[in-house]
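First comes the structure, then the notes that go with it.
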Amino acid sequence: MWLTEGRWRLLEVERPEDPYYNLAVEEAVARAVGEGVAPVTLRFWRNDNAVVIGAFQCVSLEIKLEECIKYGVKVVRRFTGGGAVYHDIRNLNYAISFKRPSPIPGDNILTGYRVVGDAVIAGLGRLGVEAEFTPVNDIQVGSRKVSGMAGTLTRNILFIHGCLLVGSNIEVLSRVLNVPREKLEAKGVGSVRARVATLRDELGREVPMDEVKKALLKGFEEVFDAEFISGDLTSWEKDKAEELYKNKYLTVDWNLGPCKGCPHKDRDTALFRRVGLADQKASGLQI
Amino acid sequence: MPIRKQAVYRSERGKTIRVCLMITNGKLSNVIFTGDFFGEPAEEFQKIGESLTGLNVSDENEIMRKIDEFFKKKDIWVAGVAPEDFKQALKKALKNHNHA
């Protein structure tokens with residue numbers, strides 16, 4: 001029904017200070033769309049000072065936890081694969097959830113990155129930034145990455161989200177992420193700093209977040225030939241988000257992830273308890 | 001004392017697999033695959049490493065067969081890497097020097 005009507009939902013629900021809640025909402029919306037209880041949804045949202053790690057990544061190998069403690073950076077694991085990213089308030093996240101079969105050609109995630117990438121690139125073009133899609137899941141300006149995407153494909157969901165470096169603090173980003181040498185070499189660079197760029201760098205000015213959102217929205221409307229109507233979370237989504245928040249995203253087990261048998265688990269758990277500790281306690285993190 | 005080994009393997013498909021493993025008395029005692037690949041169902045991927053526990057490190061064929069077996073399960077979806085990359089990553093780790 002939603003697809004044929006061509007009227008999709010635009011959500012701007014965010015709690016920048018609470019990345020655990022933001023990720024809970026992200027998954028709740030994807031599930032709602034997959035279940036057919038919500039329309040195709042585009043969401044714009046922000047975290048303030050958080051590392052978001054991929055579903056299959058090892059926290060202690062990918063993130064410099066000591067640096068996170070030093071800079072007050074919170075760490076949360078997302079439900080999609082891909083690499084760790086740093087979010088601050090000058091980074092914009094976009095997410096689009098489809099019920100399968102989706103309008104993405106082949107209903108395929110790798111094509112999905114390309115098509116969603118086209119929407120973001122169209123939006124960036126409106127801002128005067130010439131960007132291009134770089135497989136598997138990046139958007140680059142020249143050789144530098146401005147946006148990375150991640151996604152998942154389940155029985156009933158095709159979901160893709162990404163982050164866009166509008167004016168982020170690259171100094172903190174490069175200190176908290178521990179990108180493997182093998183990955184940087186494959187990208188032809190020697191450091192994270194040389195690998196990324198912000199819209200501020202490209203345009204030589206601070207770009208207001210509303211301007212970026214409007215441009216991206218136009219890009220999504222163009223590429224998907226759809227009209228987005230501003231909406232809010234449904235009660236189904238609010239309940240699901242609350243459940244996921246408490247039982248998944250606020251737990252050390254979920255956030256430390258796949259390394260259950262790791263000999264360094266105790267050390268990592270002790271470090272993780274100190275990451276953004278005051279805020280975690282305030283938000284009820286089970287530590 | 002178990003021997004520890006690690007490897008980082010970059011797939012031609014564009015994503016990275018990391019392997020951390022332990023060997024006790026010549027047998028794999030703990031194998032963990034992590035990385036920036038994409039897959040579903042997420043909780044299943046921990047089972048690749050778990051399925052290798054107890055295998056003799058000299059029996060590479062059996063180790064590789066177990067990895068193949070995992071990916072033959074229906075409903076396993078992976079992108080950005082291929083099943084072969086998990087095998088190559090593990091082989092690389094086994095060849096690497098011991099890790100502290």
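Laboratory data are not the source of any read-out in this text; all were calculated from the coordinates shown. Everything quoted here is computed from the prediction, not taken from an experiment. Here the Cβ positions follow ideal geometry from the backbone for every residue, glycine too, while neighbour counts run over all protein chains shown.
Among A:Ala131, A:Phe220, A:Tyr245, flag the residue with its Cα farthest along the positive direction of the charge dipole of chain A, charges on Cβ as +1 for Lys/Arg and -1 for Asp/Glu.
A:Tyr245
Within 10 Å of each Cβ in peptide A:175-188, how many partner chain Cβ atoms are there on average? Round it to a whole number, please.
Mean inter-chain Cβ contacts per residue within 10 Å come to 2.
Which is farthest toward the positive dipole end of region A:2-283 among A:Phe44, A:Gly117, A:Ser191, measuring Cα position about the Cα centre, with Cβ charges +1 (Lys, Arg) and -1 (Asp, Glu)?
Working it through, the farthest residue towards the positive pole turns out to be A:Ser191.
Restricting to Cα pairs below 8 Å that are 6+ residues apart, what does the relative contact order work out to for chain A? Please round to a whole percent.
Rounded, it is 26 percent for chain A.
Summarise the partner chain shielding of A:142-155 as one whole number: the mean count of Cβ atoms from other chains within 10 Å of each residue's Cβ.
Counting Cβ atoms of other protein chains within 10 Å of each residue's Cβ and averaging gives 2.
For a quick check: with amide H placed at 1.01 Å from N, whose amide H comes under 5 Å from A:Gln57's, ignoring anything fewer than 5 positions away on the same chain?
Close amide H contacts, sequence-distant or interchain: B:Gly35.
Sort A:Leu216, A:Leu203, A:Leu250 so that the residue with the fewest other Cβ atoms within 10 Å of its own Cβ comes first and the one with the most comes last.
By the 10 Å Cβ count, ascending, the order reads A:Leu203, A:Leu250, A:Leu216.
So for each of A:136-144, A:204-212, B:89-97, A:161-169 I average, over its residues, the number of other beta carbons within 10 Å; can you give me the resulting order with the highest mean first?
A:161-169, A:136-144, B:89-97, A:204-212
For chain A, with only Lys/Arg (+1) and Asp/Glu (-1) charged at the beta-carbon, what is the dipole magnitude about the Cα centre, in debye rounded to 20?
Result for chain A is approximately 760 debye, rounded to the nearest 20.
What are the ³J(HN,Hα) values, in whole Hz, obtained from phi via the Karplus relation 6.51 cos²θ - 1.76 cosθ + 1.60 with θ = phi - 60°, for each residue of region B:3-10 in sequence order, with x given for Gly and Pro?
After applying 6.51 cos²θ - 1.76 cosθ + 1.60, I find 8, 10, 9, 9, 8, 10, 10, 9 Hz.
Quick one: what Rg and Dmax do you get for region B:3-95 from the alpha carbons, in Å?
Using the Cα atoms of region B:3-95, the pair Rg, Dmax is 12.2, 35 Å.
May I ask you to sort A:Val146, A:Val13 by Cβ crowding, counting other Cβ atoms within 10 Å and putting the fewest first?
A:Val13, A:Val146
Of the DSSP beta bridges with both residues in chain A, give the percent that are antiparallel, rounding to the nearest 5.
70
What is the Cα convex hull volume of the protein assembly as shown when expressed per residue in Å³?
Taking only Cα atoms, the protein assembly as shown has a hull volume of 129 Å³ per residue.
Out of all Cα-Cα pairs in region B:1-44, roughly what percent, to the nearest whole number, are more than 14 Å apart?
It works out to 55 percent of all Cα pairs.
Which of A:Arg15, A:Arg195 comes first, and how do the rest follow, when ranked by fewest Cβ neighbours within 10 Å?
So the ranking, lowest neighbour count to highest, is A:Arg15, A:Arg195.
Let's see if you can work this out: charge +1 on each Lys and Arg Cβ, -1 on each Asp and Glu Cβ, no other charges. What is the dipole magnitude of region A:172-258 about its Cα centre, in debye to the nearest 20?
Dipole about the Cα centre, nearest 20: 660 debye.
How shielded is B:69-82 by partner chains, expressed as the average number of their Cβ atoms within 10 Å of its Cβ atoms?
Mean shielding count: 2.
Assigning unit charges at the beta carbon (Lys, Arg +1; Asp, Glu -1) and nothing else, what dipole magnitude in debye, to the nearest 20, does chain B show about its Cα centre?
Value, rounded to 20: 340 debye.
Enumerate the aspartates and glutamates that B:Lys95 could reach by cross-link, defined here as Cα to Cα under 18 Å, with residues fewer than 8 away along the same chain left out.
A:Glu182, B:Asp59, B:Glu60, B:Glu62, B:Glu84, B:Asp85
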